[in-house]
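Chemist: For reference, the structure I am asking about is given below.
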Amino acid sequence: MGTKTTLNKKKKILAVVSAVITVAAISAFGIWLWKGIKTNFSSPEEFKVYIDSLGPEKYLIALGIQFLQVVIAFIPGEIVEIGMGAAFGWFVGTLLCLGGVTLASSLIFLLTKTVGKKFVELFVDPGKIDELRFLNSEKKLKRTVFLLYFIPGTPKDLITYFIGLTRMKLVEFSVITTVARIPSVVSSTIGGHSLMERDFLAAILIFIATSAVSLLGIYVYNRILRFKRSRAEKHASSDHEQHD
């Protein structure tokens with residue numbers, strides 16, 4: 001029993017160290033790349049030339065940027081998606097965004113499953129974790145997760161850190177969340193592509209529509225949280241009265 005406990009502790013320590021090293025390396029790479037983009041991004045054309053000058057490696061770099069955005073969850077995903085659409089076109093940009101998101105989300109999911117809540121707390125405020133506790137007891141977990149990832153404006157990358165604490169399996173999580181993200185990613189990459197093509201009217205209309213839907217999504221998300229919190233409090237109060 002003691003040997004098994006020690007082995008589990010070593011596995012968790014190794015997983016945490018690996019996660020920290022991975023995040024640090026990707027962050028350093030992202031900062032280096034961002035400096036290069038800031039230097040060259042004085043116009044859409046210059047940004048496109050800069051990306052093309054990177055050669056075939058540009059696709060791996062794009063995946064790395066998207067990976068970083070998910071791991072460092074406070075970086076707005078929409079900005080990265082718009083940039084991908086501008087640099088690669090909406091179709092390839094969408095594939096790169098979804099590929100990077102799926103890889104990063106899967107890694108986070110696996111690390112959360114292995115290490116547990118301690119890993120989540122490295123990146124997410126404990127208060128935010130408490131807000132999502134309802135997912136653990138949600139009977140229709142798959143449907144709820146799809147809805148949360150489908151609705152624009154919800155903190156998808158923060159939610160990703162929590163899903164590993166639920167009963168959901170990796171394959172289910174990857175398929176559900178990737179499919180649910182498609183509409184919002186496509187709208188952002190199309191907006192970025194429109195900017196590159198200097199079709200500013202289309203880009204503005206897309207961004208206005210996306211912003212409006214995102215605001216609605218934030219409202220719906222907050223309503224869901226309040227409803228779930230209220231229901232949990234009622235159950236807790238009812239159980240307390242029964243015990244009394």
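Chemist: Identify, please: which residue in the range 182-200 is crowded, with 22+ Cβ neighbours inside 10 Å and under 25 Å from Val124 (Cα atoms) and is, among those, modelled with the lowest pLDDT?
Modeler: The selected residue is Ser184.
Chemist: Determine if the range 167-187 includes at least one residue that is in contact with a helix residue (DSSP H, G or I) (Cβ under 8 Å, 6 or more places away or on another chain) and outside any helix (DSSP H, G or I).
Modeler: The answer is yes, given that some residue of the range 167-187 is in contact with a helix residue (DSSP H, G or I) (Cβ under 8 Å, 6 or more places away or on another chain) and outside any helix (DSSP H, G or I).
Chemist: Name the one entry in Val185, Val171, Val145, Val179 that is out of contact with any Gly (no Cβ under 9 Å at 6 or more places or on another chain) and under 25 Å from Ala87 (Cβ atoms).
Modeler: Val179
Chemist: Also: Can you go through Thr102, Thr114, Thr160, Thr166 and tell me which one is closer than 21 Å to Ser214 by Cα and either buried (at least 16 other Cβ atoms within 10 Å of the Cβ) or touching a Lys or Arg at 6+ places or on another chain (Cβ under 8 Å) (or both)?
Modeler: Residue meeting the stated conditions: Thr160.
The values are calculated or read from the model by the stated rules, or taken from the named source; none is laboratory data. The model shown is predicted, which means the values in this text are computed figures rather than measured ones. Backbone-built Cβ (ideal geometry, glycine too); neighbour counts: all protein chains shown.
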